[in-house]
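Heads up, the thing below is written out as structure tokens.
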Amino acid sequence: MKILIIDDNQEITKPLSKFLTVKGHDCTVSNDGKNGLTLLQKQRFNVVLLDLALPEFSGYDIIDALERDDKLKESAIIVFTALSLKNEEMDKLKKRGIYACINKPTQLNLLLKIIEGVKDITV
């Protein structure tokens with residue numbers, strides 16, 4: 001699968017990208033929200049791992065921009081965040097078209113299982 005990781009923490013993106021690549025996935029990393037949005041507007045990805053707490057241009061900003069452009073459902077967006085999201089907030093995100101919400105830290109095998117469960121998004 002073609003995966004985009006948008007997270008400002010390189011201590012997360014480097015090993016996560018390496019792990020997913022070893023598991024056979026094609027990974028692209030953006031450590032900046034605006035750059036991540038630009039990548040999403042120019043390329044198609046099966047899965048996007050999106051941190052919400054990005055400086056200057058947050059994951060919520062990315063979701064809003066994709067929703068405005070009617071591109072929110074072109075990729076399976078998995079919110080991958082350390083923010084304490086309440087169930088109500090997760091439900092709102094899912095109703096908007098977010099595929100899944102996962103709290104950091106998480107087991108890599110659980111994340112891989114969720115990613116590999118994405119079947120209906122093709123690029």
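Just so you know, all these numbers are worked out from the coordinates, no wet-lab data involved. Small disclaimer: the values here were computed from a predicted structure and weren't measured. No Cβ is skipped: glycine too gets one built from the backbone with ideal geometry, and neighbour counts run over all protein chains shown.
Per-structure values
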| item | result |
| --- | --- |
| Pairs of Cα atoms farther than 13 Å apart, the range 19-72, % | 59 percent |
| Residue (of Gln10, Asn35, Ile102) at the positive-pole extreme of the chain, dipole from beta-carbon charges | Ile102 |
| Cα extents of the chain along the three principal axes, largest first (Å) | 34, 31, 29 |
| Contact order relative to length of the chain, as percent, for alpha carbon pairs under 8 angstrom and 6 or more apart | 24 percent |
